[in-house]
Amino acid sequence: MAILAAILPSLCLAEPSSPSGGAQDRFQERLAEARALQQKGSLREAQKSFEALLPDLRARADRADLGAALNALSQMGTAQGDYDRAAATGLEAAELYRKLADRSGERRAINNIGLAELYRGDYPPAVRRFEEALALARSSGDREAEVEELNNLGAVYFPQARYLDALHAYRSALERVDEAAGAAWQARRRRIVLSNLATLFLRLGGYDQALELYRELQKSPEALPPSEHALVLANLGVLYRRLEDPFKALETYRAAGQLFAQEQRRNGEIGVLKNIGIVQALDLGDLRAALGTFARVLSIAEGNGNRREAMQVRLYRGETLIRLGDLNGATRDLEAALDSAKALGTTEEEWKALYGLGRVARRTGRDDLAAARFRQAIGVIESVRSNLQLSTLKTDFLADKRDVYDALLELFTERPDTAEIFDLLERSRARTFKDRLQEQAQGGAAPMSLAAVQSRLDPRTLLLEYWVTPRAAAVVWATHDASGIARIPFSPAAAEEISAFARELASGSGDDWRRASEALGRRLLAGVEPLARSRFRHLVVVPDGPLTALPFEALQPPAAAGTLLIERFDISYLPSAAILLRDAPPAYRSWSFPWTRQLIAFGDPLVPARTTGALPGEGRLAHLATSAEEVRAIARIAGDGAELHLGAANSKRLLVAGQARGVPLLHLSTHATADDGNPERSRIVFSPAGQDREPDYLFLKEVYDLDLTGVDLTTLSACDTERGKVIRGEGLQGFSRALLSAGSRAAVTTLWRVADRPTTEFMKQFYFELGRREPKAEALRLAKLRFLRSGSALRHPRFWAAFVLNGDGLRPIPRRFGWNGLLAPGALVLFAAAALAVRRKPRSRRQPDAEITSAA
């Protein structure tokens with residue numbers, strides 16, 4: 001179960017003004033002592049000192065000292081979990097400062113009330129307090145206070161799963177901090193904002209971004225104060241756990257806990273203890289130790305009135321009890337957590353509690369109740385996701401939540417309803433990609449359903465949509481008029497079998513791959529009854545998990561052992577079946593005018609001799625010896641409508657400017673890097689933008705922003721371009737998906753590295769078949785069969801199975817109507833007119849020329 005925790009983002013507690021220098025009476029000395037105790041972190045002693053001073057402060061004429069003391073008591077009340085007292089003293093301080101027209105003091109008091117409400121779990125009033133404090137900070141021009149309130153607004157949005165609002169708040173805070181370069185407070189506030197952003201990225205699965213932020217924090221030249229150091233350590237512990245290093249996480253949590261205890265920061269201590277229990281239970285399997293830790297944390301949280309932390313502890317203790325087999329105890333804790341989550345409006349904990357209750361119902365044989373709980377959890381998840389507006393957040397959002405969809409799918413496959421399972425499969429995958437399709441759809445996207453997808457399949461097409469988890473798998477198959485589902489025996493060993501087969505294809509040379517091909521064919525294709533029918537010629541595959549790296553072309557179907565799928569079917573791949581429902585292309589053109597461009601190609605990138613591959617994951621770039629040959633050969637096939645950009649003319653600028661819009665064929669022959677860890681760093685190489693410069697790069701994010709409207713096929717003739725990071729719930733973050741999102745109807749990419757010369761020969765054959773008006777997927781199939789049946793070393797799949805087609809493979813490329821064909825009718829008309837004129841012309845009596853012609 002992927003239940004993970006994150007420490008609440010660091011909160012900025014307003015600091016009291018410095019004690020008056022050279023105090024003359026005992027009262028001022030006592031006041032200075034109380035402030036010193038607070039600054040030192042001796043909160044209980046400081047609280048007693050301030051409370052003892054309150055009667056005198058209320059009696060004195062200097063109301064500012066009273067306001068400062070009340071604010072200090074409010075801060076300490078929140079730090080120690082006495083939220084009611086913190087709010088009460090904050091209200092008194094705010095009223096006092098309002099009468100004094102002291103906006104700065106009033107802002108601090110309102111901020112303190114908001115902090116008390118935040119920790120107490122009263123989120124709506126906390127938001128109102130922080131917004132009020134933010135307005136006061138801006139009206140008084142206090143830049144540091146503005147940063148503080150933006151941070152705190154992000155902190156109150158965070159537990160409500162208002163992630164986009166939190167991100168906007170933190171980024172606004174960072175902008176204000178960066179605008180204040182040189183200010184004494186700038187470095188400290190910047191550390192806090194970066195820590196908060198890192199926490200947000202942790203929650204959303206952006207581990208690379210979080211790690212980069214923490215590394216930046218650790219490089220800070222200023223020493224962190226103990227409380228901030230503890231927060232950074234706590235969040236680092238979360239990151240280590242996400243990176244599957246529980247021992248390092250436990251060590252880091254304990255170090256953070258010691259610092260929080262020294263500072264008497266009870267909320268921080270509670271959070272760290274809770275995370276220690278999570279590591280003990282979920283990572284190390286020490287369930288009894290975890291129960292002891294959770295009992296201790298729950299006692300502290302309930303004693304302090306910290307409803308949010310008490311709710312989370314019950315949630316994680318419920319998970320521990322499930323693992324111990326105490327299902328009644330687990331039910332009590334999870335139901336209590338669910339009630340609290342609903343009351344507090346914390347959707348993250350709500351779906352986790354529902355998921356836990358569904359698993360309990362499943363174990364006790366109450367499948368209907370389990371399905372209901374899982375559906376409720378999915379409803380909560382999707383209600384949050386629908387409010388996310390940034391694709392960078394959406395991409396990672398379903399990473400841990402995919403477990404809920406998998407649990408419901410596993411339940412359904414035991415009593416299959418193909419339409420319902422298909423609907424759930426589509427809801428659990430490639431959501432960001434489908435959002436892009438919907439945004440691009442003209443007149444709105446067609447409703448997603450199995451029947452709708454079947455209506456788009458022609459009578460000769462078979463669709464296979466896979467679902468894979470470490471413990472179970474299935475395939476839904478669909479044709480124009482039928483559908484079904486087949487369960488697949490699956491385990492981690494099966495996943496390794498698939499990976500080993502892909503590695504063998506990419507690097508082998510003999511025929512050992514055929515045994516694995518037959519075994520995997522039986523595993524993945526058994527039960528798909530239409531595969532045995534001769535009328536089906538087109539296979540469309542929607543892969544999942546480890547299957548995204550598998551070329552199905554090299555599998556042997558059980559009904560035809562010894563025959564590869566590629567020998568029976570042309571094959572195309574989709575990130576989601578939803579792409580079948582996108583708007584059809586404008587009235588399909590079987591031809592185009594001779595003055596229109598048929599092909600735009602980029603190739604033969606200049607690689608400066610001094611380049612060292614400074615970007616991550618890139619070694620020294622070599623010159624592509626056959627790239628120019630490949631592009632020119634393709635251009636000859638395309639005819640006069642080819643536009644080539646080779647060598648120095650191979651400029652990224654032209655592609656970004658929309659040069660490919662409306663051109664049927666886009667070809668890129670170059671180097672490319674697919675970053676398996678961070679999709680943001682995947683890139684395509686172009687020639688330098690100027691003299692004596694490093695190569696230019698088109699990054700994956702930029703590919704999404706290209707305008708490829710009207711492009712029928714984009715071919716990325718480079719190594720590893722169908723690789724990338726696989727994100728659960730989203731799938732492979734690679735170039736083909738980006739090209740389809742940018743508007744291309746189809747994309748050809750590569751699963752592994754193929755040498756230059758075989759790639760060039762393969763591309764020549766592929767474009768030759770396209771020129772013969774073969775549909776895209778069939779043209780690719782014929783090129784592969786030419787290699788497979790060559791009788792040479794090229795017959796091995798390493799040379800042909802790497803090339804895969806994503807998207808629409810069933811339409812041919814429009815034929816370009818040549819100038820000869822266009823001018824011929826006009827020439828015939830002119831010739832006929834001339835002949836007619838000759839016939840009507842009166843003949844002379846002498847016809848020597850005719851006689852000579854006749855004699856000839």
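The values are calculated or read from the model by the stated rules, or taken from the named source; none is laboratory data. Small disclaimer: the values here were computed from a predicted structure and weren't measured. Note that each Cβ is placed from the backbone with ideal geometry, even for glycine, and that neighbours are counted across all protein chains shown. Accessible surface areas use protein heavy atoms only, side chains included; no ligands, DNA or RNA. Shrake-Rupley method; radii C 1.70, N 1.55, O 1.52, S 1.80 Å.
Taking amide H atoms as placed 1.01 Å from N in the peptide plane, the amide H of THR715 lies under 5 Å from those of LEU666, HIS667, LEU668, VAL748, each 5 or more residues away in sequence or on another chain. Would you please state which residues of the stretch 291-325 a label at ARG254 would reach in this model, taking the label point 7 Å out along Cα→Cβ and a backbone N cut-off of under 15 Å? The answer is 293, whose backbone nitrogens lie closer than 15 Å to the label point. Once both labels are positioned 7 Å from their Cα atoms along Cα-to-Cβ, the gap between ASP245 and LYS701 label points is 2.6 nm.
Spin-label model, LEU284/GLN262: points 7 Å from Cα along the beta carbon direction are separated by 2.2 nm. Peptide packing for 458-470, 229-241 was compared via the average number of neighbouring C-beta atoms within 10 Å per residue; ordered from the highest value, the list is 229-241, 458-470. On the beta carbon distance between SER792 and LEU324, with R0 = 60 Å, the FRET formula returns roughly 0.45. Using 0.36 nm per residue and subtracting the Cα-Cα separation, the extra length available between ALA295 and GLU131 on full extension is 55.4 nm. Extending 7 Å from the Cα toward the beta-carbon at both THR418 and PHE536 defines two label points whose distance is 1.0 nm.
Taking max minus min of the alpha-carbon positions on each principal axis, the stretch 91-227 gives extents of 48, 35, 26 Å, largest first.
Which FRET efficiency, nearest 0.05, do SER509 and ALA622 yield, Cβ-Cβ r, R0 25 Å? Efficiency at R0 = 25 Å is approximately 0.65.
The charge dipole of the stretch 171-256, taken about the Cα centre with unit charges on the Cβ atoms of Lys, Arg (+1) and Asp, Glu (-1), comes to about 180 debye, rounded to the nearest 20. 3J(HN,Hα) along the stretch 46-57: 5, 4, 4, 5, 5, 5, 5, 7, 4, x, 5, 5 Hz, from the Karplus curve 6.51 cos²θ - 1.76 cosθ + 1.60 with θ = phi - 60°, whole Hz, x for Gly and Pro. Within the accessible area of the stretch 175-264, the carbon and sulfur atoms contribute 50%, probe 1.4 Å, all protein chains present. Other residues with beta-carbon under 14 Å from the beta-carbon of SER534 carry, at +1 per Lys or Arg and -1 per Asp or Glu, a net charge of +3.
The heavy atoms of TRP185 offer some 50 square angstrom of accessible surface to a 1.4 angstrom probe.
Our coupling estimate for the stretch 335-350, obtained by passing each phi through the Karplus curve with A = 6.51, B = -1.76, C = 1.60 and θ = phi - 60°, is 5, 5, 5, 5, 4, 5, 4, 5, 5, 8, x, 9, 5, 4, 6, 5 Hz, Gly and Pro reported as x. Computed over protein heavy atoms with a 1.4 Å probe, the carbon and sulfur contribution to the accessible area of the stretch 76-136 reaches 49%. The residues of the stretch 123-172 expose, per residue, 33 Å² of accessible area to a 1.4 Å probe.
Ranked by the mean number of other Cβ atoms within 10 Å per residue, highest first, peptides 449-456, 262-269 order as 262-269, 449-456. Among rounded, prolate and oblate, which fits the stretch 264-419 when a ≥ b ≥ c are the square roots of the eigenvalues of its C-alpha gyration tensor, a/c under 1.5 means rounded, and a/b larger than b/c means prolate? The shape class here is oblate.
Near the amide H of VAL541, within less than 5 Å, lie the amide hydrogens of LEU464, SER572, TYR573, LEU574, all on another chain or at least 5 residues away, with H placed in the peptide plane.
Fully extending the segment from ALA657 to ARG98, taken as 0.36 nm per residue of separation minus the present Cα-Cα distance, adds 195.6 nm. The HN-Hα couplings worked out from phi for the stretch 264-280 by the Karplus form 6.51 cos²θ - 1.76 cosθ + 1.60 (θ = phi - 60°) are 6, 8, 5, 5, x, 4, 4, x, 5, 4, 4, 5, 4, x, 4, 4, 4 Hz, whole numbers, x standing for Gly and Pro.
Using a cut-off of 23 Å between Cα atoms, the listed pairs LYS652/LYS701; LYS248/LYS274; LYS248/LYS701; LYS764/LYS784; LYS40/LYS219; LYS274/LYS352 include LYS248/LYS701; LYS40/LYS219 as exceeding that distance. Averaging 1/r over every pair of different alpha carbons in the stretch 458-565 and inverting the result gives a Kirkwood radius of 14.2 Å.
A protection proxy built from the mean count of other Cβ atoms within 10 Å ranks the segments 244-251, 118-125, 636-643, most packed first, as 118-125, 636-643, 244-251. Largest first, the residues LYS401, LYS652 sort by 1.4 Å accessible area into LYS652, LYS401. Directionally averaged projected area (the stretch 199-305, Cα convex hull): 6.9 nm². Collect residues whose amide H, placed 1.01 Å from N in the peptide plane, falls under 5 Å from the amide H of GLN80; neighbours closer than 5 in sequence don't count. Sorted by chain and number, the residues that satisfy this come to none at all.
Given N residues in the stretch 106-147, what is Rg(Cα) / (2.2 N^0.38 Å)? Ratio of Cα Rg to 2.2 N^0.38 Å: 1.10.
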